[in-house]
1. How much length would be gained if the chain were fully extended between residue 26 and residue 183, taking 0.36 nm per residue of separation minus their Cα-Cα distance, in nm to one decimal?
2. Return the calculated 222 nm mean residue ellipticity for the chain, to the nearest 500 deg cm²/dmol, obtained by summing -39500 (n - 2.57) across DSSP H runs with n ≥ 4 and dividing by the residue count.
3. May I ask you to order 132-143, 82-93 by the average number of other C-beta atoms within 10 Å around their residues, highest value first?
4. For residue 99 and residue 308, FRET efficiency with R0 = 51 Å and r from the beta-carbon atoms, rounded to 0.05?
5. How would region 202-340 be classified by its alpha-carbon gyration tensor: rounded, prolate or oblate, with rounded meaning a/c under 1.5 and the a/b versus b/c comparison settling the rest?
6. With contacts defined as alpha carbon pairs under 8 Å and 6 or more residues apart, what's the relative contact order of region 157-268 in percent?
7. Using the Cα gyration tensor of region 51-135, with a ≥ b ≥ c the square roots of its eigenvalues, what is the shape: rounded (a/c below 1.5), prolate (a/b larger than b/c) or oblate (neither)?
8. What does the highest-first list of 242-249, 215-222 look like by mean Cβ count within 10 Å?
Ligand SMILES: NC(=O)c1ccc[n+]([C@@H]2O[C@H](COP(=O)([O-])OP(=O)(O)OC[C@H]3O[C@@H](n4cnc5c(N)ncnc54)[C@H](OP(=O)(O)O)[C@@H]3O)[C@@H](O)[C@H]2O)c1
């Protein structure tokens with residue numbers, strides 16, 4: 001585990017060095033795990049807290065070193081990026097939740113974005129950095145349609161423009177994921193996913209592109225396998241394009257043998273806007289504009305980059321299997337207690 005300022009030049013081995021921001025987050029963890037498996041990279045997993053349980057888990061992986069860094073602290077990024085070949089960068093708009101504000105703060109994300117891109121520029125000018133992968137968010141189906149987009153989308157698209165302004169496009173690949181499957185696991189009472197409830201934020205007949213968050217790691221691995229082709233490119237990435245009803249039917253087909261009926265539950269838009277206004281605006285935007293991943297083109301790129309996308313069906317099956325395992329463990333432990 002490396003503390004600030006203790007970063008060792010990785011010339012000891014010849015692996016390319018890649019820095020991953022927000023490494024303990026859902027995207028970051030997927031990226032670190034996927035790259036760790038390839039055995040081709042030395043990964044600097046950047047976190048604000050080297051001692052968290054998530055950081056500890058990452059630190060145990062092969063080819064991973066934990067490095068302290070905060071997107072709000074440019075100096076810490078400067079140290080974390082020193083001598084790297086590649087940077088995977090993302091940002092977060094999420095601050096602590098406050099009444100009448102929610103947790104999404106656009107200016108918080110913008111500041112992180114400016115800090116990140118400024119430090120990418122500095123690392124590039126030093127001469128070693130040759131590839132930057134920025135994780136943004138999918139643009140709409142019709143990029144010319146002027147629909148009001150949520151603040152945590154426009155912030156990322158503004159950061160994309162800043163990449164262009166600092167003349168970093170030629171070394172940059174922009175991956176733009178759509179909504180994660182993992183959002184269905186929200187903790188809102190009555191609206192968390194179960195065998196009976198498939199929760200959503202949009203009307204049941206609207207197409208809603210989604211992706212398994214760990215697939216973002218597969219995309220990063222894929223793009224890094226053909227860097228020259230994918231620099232200076234932006235790709236909206238998705239795994240599925242289904243309506244809410246079709247998603248609920250996917251779950252229904254898995255649980256039907258148990259005689260269970262799955263229904264799609266749409267969270268009331270007014271309640272969403274009260275809790276987190278920007279997510280309500282996002283739901284409006286998905287219904288009116290819609291994510292713009294080109295599913296046909298993606299199939300071709302996925303083949304080229306050896307990416308096997310996770311289907312919603314497989315994701316749901318894995319989730320149910322995990323839950324059964326945990327339940328069985330609880331039942332066994334409870335029985336052991338009882339038998340004592
Ligand atoms: N939810 C979706 O469907 C979806 C879809 C597409 C894109 N996105 C975007 O994905 C981004 C979030 O990524 P995620 O889901 O991987 O995040 P996440 O799981 O919410 O985790 C956020 C991570 O960011 C780190 N972090 C927070 N503030 C930081 C700061 N100031 N400097 C450095 N690290 C900081 C935290 O790690 P430490 O505490 O360890 O530092 C935390 O692990 C957001 O911009 C969101 O808009 C979300």
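Any read-out appearing in this document is the output of simple, stated calculations on the displayed coordinates, not a laboratory observation. Note that the structure is predicted; figures quoted are calculated from it, not measured. Heads up, the Cβs are rebuilt from the backbone with ideal geometry, glycines too, and the neighbour counts pull from every protein chain shown.
1. So the chain would gain 55.4 nm between residue 26 and residue 183.
2. After summing the helix terms and dividing by the residues of the chain, the value is -13500 deg cm²/dmol.
3. Going by the mean number of other Cβ atoms within 10 Å, highest first, we get 82-93, 132-143.
4. 0.70
5. oblate
6. 38 percent
7. Judged from the Cα gyration tensor, region 51-135 comes out oblate (a/c at least 1.5, b/c at or above a/b).
8. 215-222, 242-249
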